[in-house]
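See below for the structure under consideration.
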């Protein structure tokens, strides 16, 4: 009996000691970073267990495994005591103003798989002790003021799949083994990028990157014209690869739109009780909306911060809480001023909840169709800003996230408006969150009728171009103020779908007849026509014909629309002529209404 008590006491003591040294290390980090009185306020040195602190994630044994303190405007240094957190797998301090050197104690974090110190003001050399981090998969030290050579010890990091060292003051030879990393970027340094400078300083992990790894024996054996030809090809690849990598890598600000004020990947794990109190026990009076993923509730936290809580109703992910948390963290990595920031999440055996900041001006759909008397109408300049902002957000998801994120339910109800009426795309990534589950159905179509692309509806296969289609319908909503499907139009015509109705008016040159009456003619008709043209280009029947979101952004900014529109009109004229030719060929009479309807339904929509 006494032995059991002793063992129990020792176990408890071990737990307290574990939490105590972890708490000391984290609190030392907070102080060294010069955190303000309003930052990390729950990091209490008198609280033994740091696993309840914000931005800290622990495993079931109370080991700290993740610390994310990104884009919080810290100006201090990195505490050497960080090396005490030997169970840490993720350390993300990206986007701050951290100065000083990287402490060599960083090499004690032997469980690390993800180390992100990008976009700070770190100086000095990369400590050779980083080579001790044998489990490391992602290492980003880009956009600092690091100097000296790249330590040869980094060649021991055989699990590394992404290495970012661009935009520093590094010099000397790059260890040859680092060119075997699937994705790397050494550009904007003073480095020798390889033998005879033939290696590319940047790789996006594609097959073309392999061509930048020639063996010395092969190069020596190449003579005469073949050598010159190879040299020219490699130089071209170098030029192309560098520019291509610069565009696609995460370290680049996307057209200046990456919002450094947003906490990158910073998530809080809320308790069920916190959210229950915040939403008044999920009272129906606090429901902001309801969609395919569940209800959204307005809430107020204990610190008076207003939030929106999405209570998911469709989830059964294999792996349960851990799988859900991984997917949530993937979503939180997408940071852009036109994307809704994820604050945190909550999981219980029966619940999955996501917590977002409350958007003061609700959704575009609300502002178009549900405003109360006395509330401001969404004017035309704001509608133009919404169109461009939403396009930029989707462009980021499609072309600058790795892996890319497909929304699958783009519509006015999922584009929110902040206090400045800036467009913020919400609900992205949720389709993947709730579709990762054990089911006999391999493909499930998610979305809203009227917004779903025809190929997605017929095959269940989605792509970036299904989002482009939904975005085009949203543009039509912006211009007309109408819903994508409106059965009231059956009384006057047979065009229930807004897209068909707009196409008909476009052919008749009567687009002014469908502009939202709430605008009271306070709009520029030329700008309306341009937005309609972009919408019709986005909603072409064939996904291959639709523009990419980057092209949509350029067209909205006034570049390249005229050429694409002329091409679209030519295609439409040809299609209409073919349709009319088929009608004349069969030459059905007035009694053959059934067959005529069948042909109309089979035509391009």
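Any read-out appearing in this document is the output of simple, stated calculations on the displayed coordinates, not a laboratory observation. A quick note: this is a predicted structure, and the numbers were derived from the prediction, not measured. Glycine also receives a Cβ, built like all others from the backbone with ideal geometry; neighbour counts cover every protein chain displayed.
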Next item on the list: Compare the peptides 157-164, 270-277 by average per-residue count of other Cβ atoms within 10 angstrom and give them in order, highest first.
Entry: 157-164, 270-277
Check: Which whole-number percent gives the relative contact order of the stretch 2-192, counting Cα pairs below 8 Å spaced six or more residues apart?
Finding: 13 percent
Check: What do you get for Rg/Rh of the stretch 268-559 when both radii come from the Cα atoms and Rh is the Kirkwood radius?
Finding: 0.97
Next item on the list: Highest first, please rank the peptides 407-414, 116-123 by the mean number of other Cβ atoms sitting within 10 Å of their residues.
Entry: 407-414, 116-123
Note to self: How large is the direction-averaged shadow of the alpha-carbon convex hull of the stretch 330-393, in nm²?
What the structure shows: 6.2 nm²
Next item on the list: Any chance you could list P(r) for the stretch 2-192, counting all Cα-Cα pairs in 10 angstrom bins from zero, rounded to whole %?
Entry: 9, 35, 32, 16, 6, 2, 0
Notebook entry, point to check: Among 554, 269, 507, what is the fewest-to-most ranking by other Cβ atoms within 10 Å?
Noted result: 507, 554, 269
Next item on the list: Kindly put 568, 53, 43 in sequence by how many other C-beta atoms sit within 10 Å of each C-beta, fewest to most.
Entry: 568, 43, 53
Next item on the list: Kindly put 530, 474, 449 in sequence by how many other C-beta atoms sit within 10 Å of each C-beta, fewest to most.
Entry: 449, 530, 474
Notebook entry, point to check: Based on the mean of other beta carbon atoms within 10 Å per residue, what is the order of 29-36, 517-524, most packed first?
Noted result: 29-36, 517-524
